[in-house]
Amino acid sequence: MTNPEISSVLKEKRVFPPPAEFAAAAHVGSMERYRELYRRSIDDPEGFFGDVARELHWHAPWNKVLDWQLPFAKWFVGGKTNLAFNCLDRHLGTWRKNKAAIIWEGEPGEVRTLTYLQLHAEVCKFANALSALGLKTGDTVAIYMPMVPELPIALLACARLGVGHSVVFGGFSAEALRERINDCEAKAVITADGGFRKGSTFALKASVDDAIKDCPSIRHCVVLKRTGQDVAWSAGRDHWWHDLTAKQSARHEAPALDAETLLFILYTSGTTGKPKGIVHTTGGYMVGTYLSAKLVFDLKDDDVYWCTADVGWVTGHSYIVYGPLLNGATVVMYEGAPNVPHPGRFWEIVERHRVTVFYTAPTALRTFVRWGDEHPNRFDLSSLRLLGTVGEPINPEAWMWYHRVIGKERCPIVDTWWQTETGSIMITPLPGATPTKPGSGTLPFFGVEPDVVDATGKSVKPNEGGFLVLKRPWPSMLRTIYKNPERFKEGYWKRFPGFYFAGDGARRDEDGYFWIMGRVDDVINVSGHRLSTMEVESALVSHRKVAEAAVVARPDDVKGQAIVAFVTPKQGMQADDDLRTELRGHVVKEIGALARPDDIRFTDALPKTRSGKIMRRLLRDIAAGQAISGDTSTLEDYSILARLRTDDDE
Ligand code: WT7
């Protein structure tokens, strides 16, 4: 089968070998070394990952590295460990106890530094406070916070107790929070009064109050005072963070937790309306994020590492909190927007803290390109030695800008492909070894066996487009979908029996390099975040004036993809700009600002097949302003296309 959506057009020929000085000092310093390690990780994965795991602390050893009952994996079976102990206590016996663990900048400009010893004390106090509220191993809590140090502290305290955390990005609405709390039956929610963003404050506690009116599982709400704004208070249920922790000891013995203890649930979009609760467990995730953070970011003790993601996404879980701290790294964390108080804020932060490793998203880079080179050029970026990107395919122009304007043609760029589900980086250059090509994620990380297959599951030839699959289990893989193993099997393992199907299209070139070509399902990627078209559609249809809606993506220079909604209003409703504004506001309320449609087009009917399926393929062409490509023979009513086109010209 040829899939017209994933035919590849990109032809990029430039190759950038790692600079010799970089390679000489790198953890993995040549392609020979990469190949040797990769070979072992594939031929003897249990030996390979067993050795990696032994670099960390285990309260008790495992009996078996991997138990694989397709598609259910258990790693380090029977082993006992504690992820927070490995992130913190393990460093306290070394000189690192007084090393900066987190250097945090608030948007208004304050700077706070927590050493490993200080971070450990805060985590212990908060773990004691959570225990005092009655939370224990096996429970779940929701975390809905701004980007302040207490956010990683909350994650680490949960990890320490074996309490599963479900972080909900602070930009999500009360509705979205409620749905996620109810799905995982969280017993507590950890939040703040509000946060600072884009030069003003936003409220979080108010959304929590709204959400948990209908969350029967919630017993406690812990509130960090960040902005000082007024909050409503429910005595007995609500507790100030500072009150709870004031009396707690800064000592806490990290319990020995089974390797497969639930670590976190993180909700992500699938093709149906309901977000999927991706489940990660302790031991395998620990080993995967430890090794990938070390080798992909080439972390050394004198590095100052900054990942600009929000902890509300998996990137923040794995590469702000767990991976870097497992490696004893110094992590920079920034609370706010990149253009407050000026468009050079990120570069100012790089200069101020002498950041050496910088990890961001293509959408951010395209924004910086638009803002102009004068902003980065005003700051001293000479501390940088390595750059990374994640979240969506990076267009070669943005890659070259990153290379030239930020990296001054001296810093390798690691384009890292992975997903919420994979837990850690799967396809990536190793910066001291892999020659890079702008726009390619290059080669598999250790223990990862990707392939590009056709609809029948057969490998395609070099440079042919196909579906990206992973052909064997890896330590940080998702274990299931929370309380929904059937959806886990259906969603990831059914289409290509025996393989994990990631939902992305890809091609592999003549050098074996992977080029990711985006999603092949009804999931769109806006600013590096996955959104289900279905979720946006159900939000639209829940509005009393809407009869039907179809949502598609159109290419966007900055966001990667923009959201276009085709909406059929109910009979008698005025299809005008007021309704557009109302609908945009409605989607923001239901899901959050990240799902706000860029374009709303009214239509009296949607193009459907005779069986009633909306033909999104056609809508995508219309949204992109392109001629309709592909087959229209199954279309029920041709005149709709003409009518949609006319609307387009208005
Ligand atoms: C989807 C996963 C993993 C962190 C952020 C997003 C796309 C991610 C790349 C990349 C091309 C990429 C894929 C993937 N994606 N990184 N380097 N090159 N595409 O996590 O929300 O789980 O989304 O993001 O489409 O499937 P996520």
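Bear in mind that the values in this text are calculations on the coordinates, not laboratory data. Source: prediction; values computed, not measured. Backbone-built Cβ (ideal geometry, glycine too); neighbour counts: all protein chains shown.
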* **Ordering of 330-336, 583-589 by burial proxy (mean other Cβ atoms within 10 Å per residue, highest first)** => 330-336, 583-589
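P(r) tail for the range 125-244, what percent of Cα pairs lie past 25 Å?
Numbers: 887 of 7140 pairs.
Distances greater than 25 Å cover 12 percent of the Cα pairs.
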* Packing rank of 302-308, 628-634, 451-457, 122-128, where each peptide gets the mean count of other beta carbons within 10 Å, highest leading -> 122-128, 302-308, 451-457, 628-634
* Quick one: Kirkwood hydrodynamic radius for the range 522-649, alpha-carbon pairs, angstrom, one decimal? -> 14.8
* Can you run phi through the Karplus equation (6.51, -1.76, 1.60; θ = phi - 60°) for the range 184-190 and list ³J(HN,Hα) in whole Hz, with x for Gly and Pro? -> 9, 6, 5, 8, 9, 10, 10
* Asked: Percent antiparallel among DSSP beta bridges with both residues in the range 209-316, to the nearest 5?
  -> 65
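How large is the dipole of the range 522-649 about the Cα centre if only Lys and Arg carry +1 and Asp and Glu carry -1, each at its Cβ, rounded to the nearest 20 debye?
Details: 19 positive and 21 negative charges, 69 e Å.
I would put it at about 340 debye.
Starting from the Kirkwood Rh over alpha-carbon pairs, what translational D in µm² s⁻¹ does the chain have by Stokes-Einstein at 10 °C and 1.306 mPa s? Show your work: numbers first, answer last.
On the way: Rh = 25.5 Å.
Here the translational diffusion coefficient equals 62 µm²/s.
Take every DSSP beta bridge whose two residues both sit in the range 522-649, then give the antiparallel share in percent to the nearest 5.
On the way: 16 of 20 bridges.
Percentage antiparallel, nearest 5: 80.
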* Non-local amide H neighbours of Gln419 (under 5 Å, H modeled in plane, Pro and chain starts lacking H): which ones? -> Ser424
* Structure fact -> Looks like the range 267-405, by Cα gyration tensor root eigenvalues a ≥ b ≥ c and the a/c under 1.5 rounded cutoff (else prolate when a/b is bigger than b/c, oblate otherwise), is oblate
* Asked: Size of the dipole of the chain about the Cα centre, Lys and Arg at +1 and Asp and Glu at -1 on the beta carbon, nothing else charged, in debye to 20?
  -> 1100
* Structure fact -> Among Asn339, Gly447, Gly572, the residue whose Cα sits farthest towards the positive end of the charge dipole of the chain, when +1 is placed on the Cβ of each Lys and Arg and -1 on the Cβ of each Asp and Glu, is Gly447
* Please work out the Cα center distance from the range 282-346 to the range 157-183, rounded to the nearest Å. => 20
* Structure fact -> Calc'd 3J(HN,Hα), the range 45-60, phi into Karplus 6.51 cos²θ - 1.76 cosθ + 1.60 (θ = phi - 60°), Hz, glycine/Pro = x, comes to x, 5, x, 4, 6, x, 5, 5, 4, 5, 6, 10, 8, 10, 5, 8
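Can I get the semi-axes of the range 258-340's equivalent ellipsoid? Compute them from the C-alpha gyration tensor as square roots of 5 times the eigenvalues, in angstrom, largest first.
Values: eigenvalues 115, 77, 17 Å².
Each semi-axis is √(5λ); the values are 24, 20, 9 Å.
Among DSSP bridges having both ends in the chain, what percentage is antiparallel? Round to the nearest 5. Intermediate values should be presented prior to the final figure.
Working: 60 of 98 bridges.
In the chain, approximately 60 percent of DSSP beta bridges are antiparallel ones.
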* Asked: Each residue of the range 385-392 in turn: what ³J(HN,Hα) in whole Hz from Karplus with 6.51, -1.76, 1.60 and θ = phi - 60°, glycine and Pro shown as x?
  -> 10, 8, 10, x, 9, 7, x, 6
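Are there GluC sites (Glu not before Pro) in the range 548-620 that DSSP puts in a loop and that have at most 13 other Cβ atoms within 10 Å, and which ones?
Values: sites: Glu548, Glu582, Glu590; in loops: none.
In loop regions of the range 548-620 (DSSP not H, G, I, E or B), there are no sparsely surrounded GluC sites (Glu not before Pro).
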* Asked: Mind ordering 212-218, 428-434 by average Cβ neighbours within 10 Å, highest first?
  -> 428-434, 212-218
* On a C-alpha basis, how far is the centre of the range 366-429 from the centre of the range 49-82 in Å? Whole number, if you could? => 34
* **Centre separation in Å (Cα based) which lies between the range 97-145 and the range 550-620** => 41
* Between Thr603 and residues 5 or more places away or on another chain, which pairs have amide H atoms under 5 Å apart, with H built 1.01 Å from N, and which residues are they? -> Val567, Thr568
* To do: Among the trypsin sites (Lys or Arg not before Pro) in the range 415-488, which ones are in a DSSP loop with at most 16 other Cβ atoms within 10 Å of the Cβ? Mind listing them?
  => Lys458, Lys471, Lys483
